Amino acid sequence: MAHSLSAKKRVRQNEKSRIINRSRKRQIKTQVKRFEATLEKADVETASEQLRLLTKKLDKTAATSTMHKKTAARKKSRLAKKLNALKVKRDQGMSSPSTSPEQA
C-alpha cells in the first residue's frame with residue numbers, strides 16, 4: 001500500500017492508464033478480427049478499407065506508448081501481407097490460361 005501522497009497519486013494514474021490501454025488494445029483486436037473475417041469472405045475492397053483504418057488505429061496506439069512502435073509495425077506488415085496474398089490469389093483466378101490473348 002502506498003503511503004506518501006505522490007505514491008497514492010501514482011497508483012490512481014496507473015489505474016486510469018491501465019483501463020485506457022486495455023480499451024485501446026481491445027479495439028485493435030476487434031478490428032483485426034473483422035479484417036480477418038473480411039479476408040475469409042474474399043472481399044478485397046472492404047478488406048483494403050479496413051486495413052487502412054486498422055493501420056491508423058495501430059499508429060495512434062503506438063504514438064501513445066500503449067504499444068511499442070515496432071510491435072505496431074509488425075502487426076501492420078503481417079496484415080498487409082495477408083491482404084496482398086488475397087489480391088494475388090484473386091488476380092490469378094481472374095486470368096485463366098484459356099482466355100489469354102497470346103494463344104489466340
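Read the figures in this text as sums done on the coordinates, not as results from a lab. Since we're looking at a predicted model, the values are computed, not measured. Cβ atoms come from the backbone with ideal geometry, glycine included; neighbour counts cover every protein chain shown.
Restricting to DSSP H runs of at least four residues, report the calculated mean residue ellipticity at 222 nm for the chain, -39500 (n - 2.57) per run over all residues, nearest 500 deg cm²/dmol.
Estimated from H runs of four or more residues: -28500 deg cm²/dmol.
GNM remark for the chain: springs join alpha carbons under 10 Å apart, and the peak mean-square fluctuation among GLN27, GLN92, GLN50 falls on GLN92.
Full extension from GLN27 to ARG90: what is 0.36 nm times the residue separation minus their Cα-Cα distance, to one decimal in nm?
In short, 19.8 nm is gained.
Coordinate range of the alpha-carbon atoms in the chain per principal axis, descending: 85, 22, 17 Å.
Springs between alpha-carbon atoms under 10 Å, Gaussian network over the chain: tell me which of THR38, THR71, THR61 tops the mean-square fluctuations. Maximum among the listed residues: THR71.
Largest mean-square fluctuation among VAL88, VAL32, VAL11, in a Gaussian network model of the chain whose springs join Cα atoms under 10 Å apart, belongs to VAL11.
Each Lys and Arg Cβ is given +1 and each Asp and Glu Cβ -1; about its Cα centre, the chain then shows a dipole of about 1180 debye.
For LEU54, LEU86, what's the fewest-to-most ordering of other Cβ within 10 Å of each Cβ?
With the fewest neighbours first, LEU54, LEU86 line up as LEU86, LEU54.
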